[in-house]
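The values are calculated or read from the model by the stated rules, or taken from the named source; none is laboratory data. Everything numeric here is computed off the predicted structure, so don't read it as measured data. Here the Cβ is made from the backbone with ideal geometry for all residues, glycine too, and neighbour counts use every protein chain on show.
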Amino acid sequence: MRRTKIIATIGPASNKEDVIYSLLKSGVDVFRLNFSHGTSEEKVKIIRMIREASMALGRYVSIIGDIQGPKIRIGEVDGVVDLKSGSTFEITREAVVGNAERVSTPFEPLTREVQIGHRILINDGLVELVVTTVEPERVITRVIHGGPISSKKGMNFPDSELTIPAITEKDKADVAFAVEHQLDYIAASFVRRRSDIEELRELLRSLNASEIYVIAKLEKPQAIDNLEDILEVSDGVMVARGDLGVELPPEAVPVVQKHILRQSSRWGKFAITATQMLESMTTNARPTRAEASDVANAIFDGSDAVMLSAETASGRYPVEAVQMMARIITTAEHNRDLYTTTTERLPFEKSTESDEFTDALAGAANYAADQIKAKFIVVFTQTGFAAKLMSKFRPRVPIIALTPSSWVARRMNILWGVQPYVLKDAGEFHELIVDRVDDLLLQKEIVRPGDRLVILMGSPIYQRAKTNLLRVHRVRS
């Protein structure tokens with residue numbers, strides 16, 4: 001059983017029933033909807049197709065709603081124009097069609113937010129400008145590194161502390177859509193500080209959806225400076241190397257990635273590594289050797305999940321990209337001795353989510369599974385919390401997470417090593433509960449008689465007790 005989860009972004013290359021079904025069969029665990037693109041009607045259709053394909057395969061597949069955040073873009077450009085290094089280039093708030101001399105932007109505060117000497121990056125950093133003059137309605141720059149620009153390309157401001165809101169009006173509408181259609185996670189873009197996540201959580205509370213997991217996308221240098229504060233109020237984080245790699249020097253990104261993954265483990269939060277993992281497979285049937293190494297190293301560094309973006313959204317080989325990702329992960333996971341993991345835990349008083357009984361029992365379950373050569377660790381959980389803690393111990397054996405809620409089962413499917421199943425009416429007494437575990441796992445042909453299990457549960461289970469019981473069990477004959 002593969003432990004690290006695969007996230008696939010849905011787009012024009014994959015928004016069809018047969019392709020979604022093939023992606024699931026090839027190993028996708030989580031789908032991502034990018035709210036920067038597409039209409040609500042298109043998303044409703046995609047959600048329906050994902051749910052139907054998941055049900056047909058007996059899978060609990062989750063969906064991330066990735067809100068756009070305060071993405072700053074240039075306006076319309078006449079085709080593709082090439083900016084020349086050393087030339088003068090103007091960015092104006094007037095509505096003009098862009099050319100090699102000037103371009104518009106809908107970002108109204110531009111002239112208040114930048115200063116002389118600040119850099120402006122366009123098109124994922126391919127074009128670098130430096131501000132030479134700031135006027136009320138325009139900014140004049142000198143082109144440091146020229147390159148192509150076209151309509152709606154993004155702008156980055158690595159030297160400017162922007163005061164824009166974390167959640168735009170579009171984001172609020174998209175979050176309401178995600179809640180209405182029961183998406184499992186909201187990924188918040190361009191998070192800079194703790195308050196950005198708190199603002200999103202307040203919005204979810206106002207929509208009676210505070211149980212939705214919140215993922216902080218780490219794309220700004222300020223987010224790295226405030227990492228522990230952000231981890232404290234998030235359910236998980238995404239190492240979004242696209243924009244992060246634009247505003248940081250390329251040589252800093254691998255170090256930052258390792259730092260984020262290590263800190264996420266300390267805080268007991270899941271972590272996703274994303275962007276350009278198999279980028280060449282947008283046009284080629286095979287990845288480069290460097291890309292294969294990149295995916296493997298993300299596994300060795302402790303990622304809970306790895307994400308495909310353009311590869312499955314707009315690439316020529318979406319299914320093949322997932323199959324390749326799965327093969328690389330499986331090979332990396334067979335070399336456990338290469339993993340870099342941390343067993344360091346935060347003091348409980350620092351973590352708002354930790355429960356010391358559950359954490360202690362998860363550690364004991366990990367040890368017991370090793371000692372008795374268990375086939376699985378089975379975790380009963382009402383909310384997914386116990387499974388998330390168990391996952392952070394990175395046990396050698398897979399984790400079976402049993403819950404009465406299909407929504408909680410979907411939500412757990414992003415966690416490393418966790419295979420969720422719905423088990424309703426587990427019973428009230430330990431012996432009956434264990435019999436139900438045997439019935440379920442034997443029926444699904446997951447175990448055979450005589451296999452050893454380590455079971456974590458709360459007692460009494462009908463009172464939704466916290467995890468407080470560990471049992472070592474042999475599957476009945």
Within region 375-398, the count of residues that are aliphatic (A, V, I, L, M), surrounded by 24 or more Cβ atoms within 10 Å (Cβ to Cβ) and not in a helix (DSSP H, G or I) comes to 3
Check every one of the strands (runs of 3 or more DSSP E) wholly within region 18-102 and list those with 2 or more residues that are of a type outside the set (S, T, N, Q), closer than 30 Å to Arg410 by Cβ and out of contact with any Gly (no Cβ under 7 Å at 6 or more places or on another chain).
30-34, 62-66
Identity of the residue in region 21-42, within 16 Å of the chain's Cα centre (by Cα) and among the aromatic types (Phe, Trp, Tyr), that ends up nearest to Thr168 (Cα to Cα)
Phe35
Quick check on my filter: what residues within region 1-18 are farther than 16 Å from Met281 by Cα and of a type outside the set (Asp, Glu)?
Met1, Arg2, Arg3, Thr4, Lys5, Asn15, Lys16
Residues satisfying the stated conditions in region 3-39, i.e. surrounded by fewer than 17 Cβ atoms within 10 Å (Cβ to Cβ) and at pLDDT 95 or above:
Pro12, Lys16, Glu17, Asp18, Lys25
Considering only region 275-319, state which residues are aliphatic (A, V, I, L, M), within 17 Å of Ala13 (Cα to Cα) and part of a helix (DSSP H, G or I).
Met281, Ala310, Ala313, Val319
Is there a residue being assigned by TED's automatic domain parsing to the domain that holds Lys45 and at positive phi anywhere in region 171-182?
yes
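One line per residue, one yes/no per condition, for (1) outside any strand (DSSP E or B); (2) in contact (Cβ under 8 Å) with a residue 60 or more places away in the chain:
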site: Glu128; (1), (2): no, no
site: Thr133; (1), (2): no, no
site: Val143; (1), (2): no, yes
site: Pro148; (1), (2): no, yes
site: Met155; (1), (2): no, yes
site: Pro158; (1), (2): yes, yes
site: Pro165; (1), (2): yes, yes
Positions within region 151-185 being surrounded by fewer than 16 Cβ atoms within 10 Å (Cβ to Cβ) and small (Gly, Ala, Ser), in sequence order
Ser151, Ser160, Ala173, Ala176
Only one of Ser265, Ser234, Ser189 is closer than 23 Å to Lys172 by Cα, touching a residue at least 60 places away in the same chain (Cβ under 8 Å) and buried (at least 17 other Cβ atoms within 10 Å of the Cβ); which?
Ser189
Subset of region 1-20 (residues that are within 21 Å of the chain's Cα centre (by Cα) and among the β-branched types (Val, Ile, Thr)):
Thr4, Ile6, Ile7, Thr9, Ile10, Ile20
Picking from Asp243, Asp196, Asp229, which residue would you name as being charged (D, E, K, R), touching a helix residue (DSSP H, G or I) at 6+ places or on another chain (Cβ under 6 Å) and not in a strand (DSSP E or B)?
Asp229
